[in-house]
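Novice: My questions all concern the structure below.
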Amino acid sequence: MRHVLALLLALQCLTAALAQERRSGFDDMARETQAMQREDAANPAMLWVDEGAAIWSRPAGAQGLSCANCHGAAEASMAGIAARYPAWDEGRFTAIDLAGRIAQCREQRQHAPALARESEGLLALAAFIGLQSRAMPLAPPADGRLQATRAWGEALYRQRRGQLDLSCAQCHDDNAGRRLAGSTIPQAHPTAYPLYRLEWQGLGSLQRRLRGCMSGVRAEPFAYGAAEMIAIEAWLAQRAAGMAVETPGVRP
């Protein structure tokens with residue numbers, strides 16, 4: 001009897017471990033699409049990275065300062081930075097994502113107009129900065145002030161919404177790995193953003209993908225940069241902690 005109980009316990013542990021196994025969306029792609037992400041020369045997102053590198057060194061604003069004037073070479077100063085967002089913003093007493101930090105830096109440091117959300121310039125800079133963290137583990141800040149934001153983000157992730165009355169968790173937790181309209185449902189780990197999506201024929205942010213999912217369940221999407229969006233990002237980052245950054249990724 002004890003041997004049977006031990007076997008049952010071992011099976012339960014194995015089942016729990018398998019349930020917790022995390023997979024990047026990369027693992028569920030066709031080999032041809034994986035090859036596009038693996039090889040920089042074939043990755044369309046690298047066009048935006050090149051533009052981001054140019055913006056990094058380009059003077060902007062009344063004082064004619066570039067990002068490089070303050071931060072120097074991005075390869076050194078930005079290494080690991082993208083892996084730690086969203087983070088806590090001391091000045092605003094709230095969570096901020098990487099796109100928000102870039103906009104803030106341009107306004108307050110360069111005295112230049114902020115780049116609009118989902119604009120080519122902002123995506124390019126975010127991709128260039130994200131590249132400096134590639135292959136590093138996602139490392140959400142161990143900051144207690146972010147706890148409430150992450151909890152809110154998890155609640156939003158699990159909340160049913162829209163005319164289809166579906167939550168993010170129902171697809172990406174309960175049915176991950178199954179197929180929907182011919183495509184594998186991913187676990188929704190934010191390891192590769194900004195990324196080039198073949199469906200978009202262009203680069204897009206995690207918030208663009210979230211808005212697409214919300215529209216897909218016939219719900220009103222949150223606005224770009226909304227506190228709700230940043231809360232979901234913070235939860236997803238925590239959920240994917242330790243997974244490797246892939247920026248800039250490619251997805252179907």
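The values are calculated or read from the model by the stated rules, or taken from the named source; none is laboratory data. Every value quoted in this text rests on a predicted model; they were computed, and no experiment measured them. All Cβ positions, even for glycine, are placed from backbone atoms using ideal geometry, and neighbour counts span all protein chains on display. To get the accessible areas, we keep the full protein, side chains included, count just its heavy atoms, and leave off ligands, DNA and RNA. Shrake-Rupley method; radii C 1.70, N 1.55, O 1.52, S 1.80 Å.
Novice: What shape does segment 111-252 have by the C-alpha gyration tensor, where a ≥ b ≥ c are the square roots of the eigenvalues, rounded means a/c under 1.5, and otherwise prolate means a/b greater than b/c and oblate the rest?
Specialist: It comes out rounded by the Cα gyration axes.
Novice: Right, here's the next one. How compact is the chain by the rule of thumb for globular proteins, expressed as Cα Rg over 2.2 N^0.38 Å?
Specialist: That ratio works out to 1.09.
Novice: Would you kindly derive the ³J(HN,Hα) couplings of segment 73-90 from the backbone phi angles with the Karplus curve 6.51 cos²θ - 1.76 cosθ + 1.60 (θ = phi - 60°), listing them in order in whole Hz, with x for Gly and Pro?
Specialist: Once θ is set to phi - 60°, the couplings for segment 73-90 become 5, 4, 4, 9, 6, 9, 4, x, 5, 4, 6, 10, 10, x, 10, 8, 9, 4 Hz.
Novice: Between the helical axis of 206-216 and the dominant principal axis of the chain, each derived from Cα atoms, what acute angle in degrees is found, rounded to the nearest 10?
Specialist: Roughly 50 degrees, rounded to the nearest 10.
Novice: Shifting gears a bit: For the chain, what is the relative contact order in percent, using Cα pairs closer than 8 Å and at least 6 residues apart in sequence? List each step's numbers first, then the result.
Specialist: Details: 403 pairs, mean separation 65.8, N = 252.
Relative contact order here is 26 percent.
Novice: Among Leu236, Phe26, Ala76, flag the residue with its Cα farthest along the positive direction of the charge dipole of segment 23-251, charges on Cβ as +1 for Lys/Arg and -1 for Asp/Glu.
Specialist: Result: Leu236, furthest along the dipole toward the positive end.
Novice: May I pose another question? Carbon and sulfur atoms: what percent of the 1.4 Å accessible area of segment 23-251 do they account for?
Specialist: Numbers: 5720 of 10900 Å².
Result for segment 23-251: 52 percent of the exposed heavy-atom area is carbon or sulfur.
Novice: Which of the listed residues, Ala223, His189, Leu166, is farthest toward the dipole's positive end in the chain, when Lys, Arg count +1 and Asp, Glu count -1 at the beta-carbon?
Specialist: Leu166
Novice: Also, I was wondering about something else. Tilt of helix 98-108 relative to the longest C-alpha principal axis of the chain, in degrees (0 to 90, nearest 10)?
Specialist: 20 degrees
Novice: Right, another one. Heavy-atom accessible area per residue, the chain, 1.4 Å probe: how many Å²?
Specialist: 52 Å²
Novice: Taking only DSSP H segments of four or more residues, each worth -39500 (n - 2.57), what value at 222 nm results for the chain once the sum is divided by all its residues, to the nearest 500 deg cm²/dmol? Each step should come with its number before you reach the end.
Specialist: On the way: 11 runs with 111 residues, N = 252.
The helix-only estimate for the chain comes to -13000 deg cm²/dmol at 222 nm.
Novice: If the only charges are +1 at each Lys and Arg Cβ and -1 at each Asp and Glu Cβ, what is the size of the charge dipole of segment 23-251 around the Cα centre, to the nearest 20 debye?
Specialist: Details: 25 positive and 24 negative charges, 71 e Å.
Magnitude of the dipole: close to 340 debye.
Novice: Write down the percent of antiparallel bridges among all DSSP beta bridges whose residues are both part of segment 128-252, to the nearest 5.
Specialist: 70 percent
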